[in-house]
Structure formats: C-alpha cells, structure tokens
Amino acid sequence: MTALVMGLLLGAAGQGAAVASSANAGFVAQARAAGVSAEKAAALQAKVDDYLVKLRGRGKQVSPNQISMKGAVLNVTVPGEARPRQLVQPSQAVPQATVCKDFSSWSPVPYGWFCAYRFQWGGGDSIGMYDCDNYFIPWVSEGSWMNNQTAGTVPRLYFRNLSWWDMPAAYSMQGYHVDWNPVNSITNCR
C-alpha cells in the first residue's frame, strides 16, 4: 500500500515537472519567434526561473520575459541586452504599458505607475507597479526608481532589518545609488 501511494505521489510530481517544462518550452519558443537566439532564449528562461524561485509563489510567468506579480509586472532583460523589451503582444494577464523604459526616453514610466530598476538610470530588469500593494524586490544591486503615480502618492520601502522609509511623493525619482541589498519590499502607495 505504501509503495502504491509513493508511486502515485512520485508520478504526480513528475507530471508537474513535465507541465512546467512544457510551459517553459512554450515561452522559449515564443522568444525564438521574436528573434532571440536559441542560446539566449534558454538563458532568458533560466533567469525567469531564478526569479520565480526568489518570488516564492508571488509571481507567474506570462510571457518569455515577464512575470505577473498581481498588480505589478517584472520585466526581464534578454541576456546581453541593457533593458527589457516586449517580446510578444501583451496579454490580458498584464496591462498594455508593461515595460518601464529607461530614463533617456521622454516618458519612461507610465502615469500611475511606480518602477523599480535593477540597475542605475533605469537599466536592467524592472518591476512596474500599477496596483497599490506590497511587492518583493528579488535583486541585490545598485539600481534606481521612478515614481509617476498620482501627485502626492508616497511609496514605502521596507528593509530586511524590519525598518522602513517613506520615499518622496510622486512625481519623484532616484536615478543612481539605490542600494537594493538591504531592501525586502516596496508598498508603492499608502
């Protein structure tokens, strides 16, 4: 009886892994169709998988380089590229304006959004937050942020040592020297 139960559990676990790898293969194929090389598409999927582990169930992959965080979207750069780009048409799972642009563009952050960037001056992976909630920051780097929410909206940064800091009200930004190392999460509005 025990062997039967263990066999069923292991079989179910194997099916879960097969479903996950099947979904991953679909996202890799979408990246390839968008012109990403096979090597970079596989490396991109590895980056997304790493973020999904760090997010511990707080996100779901919805495109080759995007993770929906229920009210926010984590945009992942293709390896070797400086900034994320839209690889597939936006779905209903994520709003139309999903990619936080770098600071060199005229309007890098859509109105009503807060964007956290892995690197300085809007570079690297980014999290675009559009619903008021608390969002985990899955990277440790020196980055940047931009707050283009409704005028006066104050985000709160929570640190791993359980302290917090009220960030400057919208419209505001910090383009460099944002140390994400001690940061646990951001509540984009209070």
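If you roll a 1.4 angstrom probe over the protein chains with everything in place, what fraction of the accessible area of the range 144-186 belongs to carbon and sulfur, to the nearest %? That fraction is 56 percent.
If packing is taken as the average count of other Cβ atoms within 10 Å, what order do 117-130, 34-47 fall into, highest mean first? Numbers along the way, then the final one.
Working: 117-130: 23.6, 34-47: 16.1.
Packing proxy ranking, top to bottom: 117-130, 34-47.
The residues of the range 52-190 have, on average, 47 Å² of accessible surface per residue, using a 1.4 Å probe with all protein chains present. Computed with a 1.4 Å probe over protein heavy atoms only, the accessible area of residue 179 comes to about 90 Å².
Between residue 25 and residue 70, the modelled labels are 3.0 nm apart [label points 7 Å from Cα along Cα→Cβ].
The values are calculated or read from the model by the stated rules, or taken from the named source; none is laboratory data. Bear in mind the structure is a predicted one, so any value in this text is a computation, not a measurement. Glycine gets a Cβ as well: all are built from the backbone with ideal geometry, and neighbour counts include every protein chain shown. For accessibility, only protein heavy atoms count, side chains too; no ligands or nucleic acids. Shrake-Rupley method; radii C 1.70, N 1.55, O 1.52, S 1.80 Å.
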